[in-house]
Amino acid sequence: MRDFSADHRWLSLNTATVRKQGDLVQIIEACARHGIRAIDPWRDQVAGVGLDRAVRAIGDAGLELSGYCRGGMFTSDAARRREVRDDNRRAIDEAKALGAPCVVLVVGGLPQFSRRGSTPSRDIGAARAQVEDAIAEMLAYAGEVGMPLAIEPLHPTYAADRACINTTRQALDICDRLDPGRTGLLGVALDVYHIWWDSEVLSQIARAGKDRLLAFHVCDWLVPTKDMLNDRGMMGDGVIDIRALRAAVEAQGFCGYSEIEIFSNAWWDQPIDDVLRTCIARHRTVV
């Protein structure tokens, strides 16, 4: 396993971690101040400053990307299927312009939550089938431009509203059905917050292998958790064995960034430089 104790070369900042402290350009400037070499920006943050300006700011700062958040939210009623397709194609085009290595997919839950105004449904099986069909369609377009797609399984807490793909096994089953030749265009983004509890996670990481492991995200699970969406912990403040999970992905040959993604009302209240200094320290000592 790589030694992160001496520097933070392999730290990437998911820009949601400091989304309340500034716009994307301000976040990029803060990363430059602290020697952070990679980010994973969110689409709404890119839209907030404009795609062209985002491309220039990333290039001027010499930053790499560890991913692009997010595509997906595939589930909808029939009236919104074209909207879903077109939105996800735009995500691919934006990722290509930004130089991202993959588009992270948060697949959506029941249609009324993924695409507002859709006809309500309680059929999670139908939602999962729709997700797979939509990824197949998106994969065809991604293949044309050479943009890998990374399915992110989310904790079952989010099954209804954010992601009905909840385990690494489920995500890899889709990968194997849609990309049996392992072309490198379809894989998974594994976030410790969502997978740490899963008794199969280590065997599924081994099943994934290097070619399916497209992104690795870190934070921590607090006890108690006060808000299931916006109370993630800084690494080391919770109960996740982060190093064991990093060891597992690196044993398969993963050698990319450990991307810090913390949705936290508490950390959003802190000055951006304090947050980044803490991220760097914890990356060296905990991740």
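Residue under question is Ala150, and the condition is that it be among the hydrophobic types (A, V, I, L, M, F, W, C), assigned to a helix (DSSP H, G or I) and under 21 Å from Asn88 (Cβ atoms); does it hold? Here the answer is no, as Ala150 does not meet what is asked. Take the residues of the stretch 57-80 that are over 23 Å from Glu261 (Cα atoms) and without any contact (Cβ under 8 Å) to a residue 40 or more places away in the chain: which is surrounded by the fewest Cβ atoms within 10 Å (Cβ to Cβ)? Result: Ala78. Listed by position, the helices (runs of 4 or more DSSP H) contained in the stretch 17-102 that have at least 1 residues being within 21 Å of Gly184 (Cα to Cα) and among the small types (Gly, Ala, Ser) are 81-98. Per the listing Ala134, Ala160, the residue uniquely of a type outside the set (D, E, K, R) and touching a residue at least 60 places away in the same chain (Cβ under 8 Å) is Ala134. Among the residues here, Arg116 qualifies as modelled with pLDDT under 95 and not hydroxyl-bearing (Ser, Thr, Tyr). Remark: Ile58 falls outside the filter, which requires a residue to be over 26 Å from Gln26 (Cβ atoms) and of a type in the set (A, V, I, L, M).
Checking Asp211, Asp227, Asp237 one by one, the residue that is modelled with pLDDT of 95 or more, in a helix (DSSP H, G or I) and surrounded by fewer than 22 Cβ atoms within 10 Å (Cβ to Cβ) is Asp211 and no other.
Only residues that are of a type in the set (D, E, K, R) and crowded, with 21+ Cβ neighbours inside 10 Å were counted across the stretch 81-91, and they come to 0. Taken residue by residue, the stretch 38-55 has no member that is under 18 Å from Pro271 (Cβ atoms), in contact with a strand residue (DSSP E or B) (Cβ under 6 Å, 6 or more places away or on another chain), surrounded by 14 or more Cβ atoms within 10 Å (Cβ to Cβ) and touching a residue at least 40 places away in the same chain (Cβ under 8 Å).
I'd like to know if the stretch 80-101 contains one or more residues that are among the aliphatic types (A, V, I, L, M) and within 25 Å of Ile280 (Cβ to Cβ). The answer is yes, given that some residue of the stretch 80-101 is among the aliphatic types (A, V, I, L, M) and within 25 Å of Ile280 (Cβ to Cβ). Exactly one condition in (1) over 22 Å from the mean Cα position of the chain (by Cα); (2) assigned to a strand (DSSP E or B) is false for Ala126; which is it? Unmet condition: (2). Taking Phe216 as the residue in question, decide whether it is of a type outside the set (A, V, I, L, M), without any contact (Cβ under 8 Å) to a residue 60 or more places away in the chain and in a strand (DSSP E or B). Criteria met by Phe216. I want to confirm something. Restricting to the stretch 158-179 and keeping residues that are of a type outside the set (A, V, I, L, M) and assigned to a loop (DSSP other than H, G, I, E, B), which single residue is farthest from the chain's Cα centre (by Cα)? This residue is Asp179.
Of the candidates Val107, Val131, the single residue that is surrounded by 14 or more Cβ atoms within 10 Å (Cβ to Cβ) and within 28 Å of Val25 (Cα to Cα) is Val107.
The values are calculated or read from the model by the stated rules, or taken from the named source; none is laboratory data. Nothing here was measured: the structure is a model prediction, and the numbers come from that model. Note that we place each Cβ from the backbone using ideal geometry, even for glycine, and neighbour counts take in every protein chain shown.
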